[in-house]
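Undergrad: Just dropping this structure here.
The values are calculated or read from the model by the stated rules, or taken from the named source; none is laboratory data. Everything numeric here is computed off the predicted structure, so don't read it as measured data. Cβ placement follows ideal geometry from the backbone for every residue including glycine, while neighbour counts extend to all protein chains displayed. Just so you know, the surface numbers come from the protein's heavy atoms only, side chains and all, with ligands and any DNA or RNA stripped out. Shrake-Rupley method; radii C 1.70, N 1.55, O 1.52, S 1.80 Å.
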Amino acid sequence: MTTMTDSKAWTKVEGLDPGQDMFPAVAKAGDKRVVIVDTGKALRGVELACPHLKAPMSKGIMMGAGSMIRCPKHNFIFRLSDGKGVNCVGLTLKVYEIRQAGDGMEILI
Amino acid sequence: MSDQKIRPATVQVLRGARVMDPGQGIDRVADVLVQDGKILDVGDNLAPPDAQVVDLRGDILTPGWIDNHVHTYGTLGFADPDSIGVWQGVTSFVDAGGPGIATMDEFMALMSGRTATHLYAGPYIRPIGIIGAQFTEGDIRSLNGFPIPAWLDFMDRHPGVIRYLKIAALSGYGSGPIKMGKGLAEVIGVPLYGHIGEFQMQPENPSAYELFRVCQEGDMIAHPYHNSGARIIDRSKRLRPEVADAKQRGVLFDIAFGSYNFSWEVAEAAFGQGLPPDIISSDLQQFNAIGPAYSLSHVMSMLLRLGMSLPDVIKAVTATPARALGLQDRAGSLRRGAPAEMTVCRVVEGDFEFVDTEGGMRSADRKIVPVMTFTGGARYDTDLTRCQNEDNWLLQIADDHVPDAAAGLSPAQLDFIERMRNALSGVAWAYNLDQLDLEKAHELRAVFDAVRAEAGLPLREALLALFCCFLDRPFTMQIGLFLLHLERDFLLGRLDDVLASARTSA
């Protein structure tokens with residue numbers, strides 16, 4: 001069911017409609033809830049709540065041609081490649097890789 | 001868009017506006033005669049033969065707006081501070097805490113005389129200024145150092161720059177930190193400007209209430225309508241007694257809308273108990289220019305919605321802040337002989353929504369919109385959205401390319417960069433948000449100072465040389481903090497890259 005990679009594991013993404021095309025969208029991965037975003041080139045997962053004050057990243061706004069996401073509450077911005085805070089040095093948003101697996105997708109979490 | 005900046009003729013008649021100068025009790029349709037940058041007269045049918053006439057019939061003309069609390073410099077500042085100044089109807093603004101006394105020289109080198117909007121400073125009691133890391137701002141240990149001689153020397157050397165001293169109601173320690181701030185404010189002869197609000201997210205932090213007890217007449221309290229712990233109203237929404245007492249003593253309440261500190265619910269309860277603000281300011285910064293603050297006029301419109309009259313709203317951005325800041329000789333009034341600092345605005349009718357910093361929304365049928373700003377002998381036709389340009393508020397380290405500006409560094413600046421590279425290779429640091437090493441920021445600044453002295457480079461040129469290596473846009477930041485923010489290996493590598501490409505092109 002899952003493949004281990006270091007301490008992370010490829011985990012089935014659940015709770016998304018098959019034809020889902022509205023992102024960011026909340027999904028389930030095992031017992032965790034995550035937010036799936038569309039960078040324009042690929043899908044990517046991020047943690048549910050902003051590391052600043054826990055605002056919902058499902059309402060995040062994509063920026064920089066899909067390379068960054070902006071928290072809707074206080075406009076803190078994170079790079080989707082590695083989660084690094086762009087205008088908030090020292091804060092990091094957890095980001096996860098996503099891959100296609102059969103009809104669905106898996107997230108490295 | 002410099003085409004919107006217009007240099008007017010020597011003599012001008014601003015014709016037919018509703019002239020509103022609450023400080024002088026003026027509210028009527030009149031002409032304003034301006035000559036050589038000064039107000040010559042406010043009256044009827046003023047028409048010197050050679051005057052240029054600006055038809056303002058249907059508009060409102062007020063003294064130039066003063067934004068008592070903005071962030072132009074440092075970790076919260078903008079690439080183009082005028083975007084929240086003259087381009088939004090504001091002729092004077094105060095940087096609220098960007099620098100501290102250990103960074104006022106950097107503030108002066110980068111900001112003084114560089115904005116069309118008149119810029120004043122309200123430095124933070126913390127020597128380095130605002131850190132921009134919210135969880136650390138409230139820590140009293142971040143106030144490390146209290147250099148009285150440096151404050152006194154600055155006041156002597158640069159009279160009139162510092163208009164208040166900013167302090168926050170920090171976590172715990174009773175009234176201690178606030179009394180230290182009040183003491184220093186008295187020593188340097190400026191009002192105390194106290195921040196309450198989001199640092200008090202810890203429930204019922206009582207030090208916020210100490211601020212109301214310590215402040216005296218003319219001191220200012222920012223963010224009165226915040227909805228974090230230690231609100232100005234109790235659980236039954238009754239105004240706290242120390243808040244009413246402070247109001248009675250003549251302490252001034254400044255909206256300072258910000259990103260965290262304006263709640264419709266608290267504001268409505270306060271208005272219901274006779275506590276409208278004395279001053280309306282925006283607290284515009286990198287994080288709220290794209291909402292929810294947007295502009296001073298947006299915040300003014302929210303006060304209109306709360307039931308303040310238009311003249312009272314105008315007074316709260318003109319006469320009252322002018323008096324609070326000691327600027328009566330140059331701002332906040334249309335009296336004869338005053339500098340022609342003016343804002344032209346309209347009250348537009350429609351269906352509008354105004355959102356507070358918590359997501360609370362109120363609809364309104366009126367909105368204040370500035371259309372022209374007159375200052376420094378020039379006229380600016382406003383552009384409210386200029387500040388929202390991403391390049392203006394998103395401070396981004398160019399980590400995948402050398403900014404173009406680095407190619408323009410002078411030989412003296414390159415010599416300085418090389419010396420900095422060598423000096424910094426002997427210093428170790430790492431940025432840790434949870435245990436912010438402010439001492440290290442001061443140490444990095446000391447290295448910068450020593451190298452600069454050795455290289456004989458003016459402060460401004462040295463600061464810009466370093467910023468050019470990392471920033472595509474002209475943002476500012478306290479240099480010690482800026483260096484601390486950068487990963488050491490990346491920083492040294494980038495300086496090497498800049499030096500290498502300079503050698504190649506030479």
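Undergrad: Quick one: if the Förster radius is 25 Å, what FRET efficiency do B:Asp383 and B:Asp55 give, using the C-beta to C-beta distance and rounding to 0.05?
TA: 0.75
Undergrad: Quick one: compute the contact order of the range B:391-506, relative version, from alpha carbon pairs under 8 angstrom and 6+ residues apart, as a percent.
TA: Normalised by residue count, the contact order of the range B:391-506 is 45 percent.
Undergrad: Then there's this: Select from chain B the helices, each a whole stretch of DSSP H, whose alpha-carbon atoms run 20 Å or more along the helix axis and whose Kyte-Doolittle mean is at least -0.5; answer none if there are none.
TA: Taking the DSSP H segments of chain B (at least 20 Å long, mean hydropathy at least -0.5), we get B:438-455, B:488-505.
Undergrad: May I pose another question? Which whole-Hz couplings ³J(HN,Hα) result when phi for each residue of the range B:345-351 is put into the Karplus expression 6.51 cos²θ - 1.76 cosθ + 1.60, θ = phi - 60°, listed in order with x for Gly and Pro?
TA: Coupling constants for the range B:345-351: 9, 9, 9, 9, 9, x, 9 Hz.
Undergrad: Using 0.36 nm per residue of separation minus the Cα-Cα distance, give me the extension gain between B:Gln216 and B:Glu454 in nm, one decimal.
TA: Separation in residues times 0.36 nm, less the Cα-Cα distance, equals 81.1 nm.
Undergrad: Using Cα centres only, tell me the gap between the range B:369-383 and the range B:437-506 in whole Å.
TA: Each part's Cα centre sits 36 Å from the other's.
Undergrad: Then there's this: In nm, to one decimal, how far is the B:Ala430 label point from the B:Lys179 one, both placed 7 Å along Cα→Cβ?
TA: 4.0
Undergrad: Next question, about the same structure. Take the Cα radius of gyration of the range B:88-225 and divide it by 2.2 N^0.38 Å, with N its residue count; two decimals is plenty. All intermediate terms of the calculation are to be shown ahead of the outcome.
TA: Numbers: Rg = 14.6 Å, N = 138, 2.2 N^0.38 = 14.3 Å.
That ratio works out to 1.02.
Undergrad: So, R0 is 56 Å and r is the distance between the beta-carbons of B:Met361 and B:Arg503; what FRET efficiency does that work out to, to 0.05?
TA: 0.45
Undergrad: Can you pull out the cysteines in the protein assembly as shown that have no other Cys Cβ under 4.7 Å?
TA: A:Cys88, B:Cys215, B:Cys345, B:Cys387, B:Cys468, B:Cys469
Undergrad: May I pose another question? With 20 Å bins from zero, work out the P(r) of chain B over every alpha carbon pair and list the percent per bin.
TA: Computed distribution, short to long bins: 23, 53, 23, 1.
Undergrad: Counting C-alpha atoms alone, how compact is the range B:216-362: give Rg to one decimal and Dmax as a whole number, in angstrom.
TA: Rg and Dmax of the range B:216-362, Cα atoms, are 15.5, 50 Å.
Undergrad: Using a 7 Å offset from the Cα along the Cα-to-Cβ direction at both B:Asp404 and B:Asp41, what is the distance between the two label points in nm, to one decimal?
TA: It is 5.1 nm.
Undergrad: Moving on to the next point. Pop the C-beta distance of A:Lys41 and A:Glu14 into the FRET formula with R0 = 22 Å and round what comes out to the nearest 0.05.
TA: Step by step, r from the Cβ atoms, then E = 0.40.
Undergrad: For the range B:125-139, state which residues have at least 50 Å² less accessible area in the presence of all protein chains than in their chain by itself, taking the probe as 1.4 Å and leaving out ligands, DNA and RNA.
TA: B:Phe135
Undergrad: Please get the size of the charge dipole for the protein assembly as shown, origin at its Cα centre, with Cβ charges of +1 on Lys and Arg and -1 on Asp and Glu, quoted in debye to the nearest 20.
TA: Dipole about the Cα centre, nearest 20: 720 debye.
Undergrad: Suppose we look only past 14 Å in the calculated P(r) of the range B:423-464. What percent of the Cα-Cα pairs does that tail hold?
TA: 54
Undergrad: Rounded to the nearest 10 Å², what accessible area does B:Trp393 show when all protein chains are kept and the probe is 1.4 Å?
TA: B:Trp393 exposes around 10 Å² with every protein chain in place.
Undergrad: Here is a follow-up. Going by a ≥ b ≥ c, the root eigenvalues of the Cα gyration tensor, does the range B:318-470 fall in the rounded group (a/c under 1.5), the prolate group (a/b larger than b/c) or the oblate group?
TA: prolate
Undergrad: Please state, rounded to one decimal and in Å, the Kirkwood hydrodynamic radius that the range B:101-154 gives when every pair of distinct Cα atoms enters the mean of 1/r.
TA: After inverting the pairwise mean of 1/r, the radius is 12.5 Å.
Undergrad: Using 26 Å as the Cα-Cα cut-off, could you pick out the over-long pairs in A:Lys94/B:Lys166; A:Lys73/B:Lys247; A:Lys28/A:Lys54?
TA: A:Lys94/B:Lys166; A:Lys73/B:Lys247
Undergrad: In square nanometres, what is the average projected area of the Cα convex hull of the protein assembly as shown?
TA: 31.2
Undergrad: With every protein chain kept in place and ligands, DNA and RNA left out, what is the accessible area per residue of the range B:320-444? Probe 1.4 Å, answer in Å².
TA: 46
Undergrad: Antiparallel versus total DSSP beta bridges in the protein assembly as shown: what percent is that, nearest 5?
TA: Once the DSSP bridges in the protein assembly as shown are tallied, antiparallel ones form about 70 percent.
Undergrad: Just which residues of the range B:357-400 lose 50 Å² or more accessible area with every protein chain there, against their chain alone, with the probe set to 1.4 Å?
TA: The answer is B:Leu394.
Undergrad: Something else now. Distance between Cα centroids, the range B:260-306 to the range B:60-77: provide it in whole Å.
TA: 14
Undergrad: Taking the C-alpha atoms of chain A, how large are the radius of gyration and the largest Cα-Cα span, Dmax, in Å?
TA: 13.3, 39
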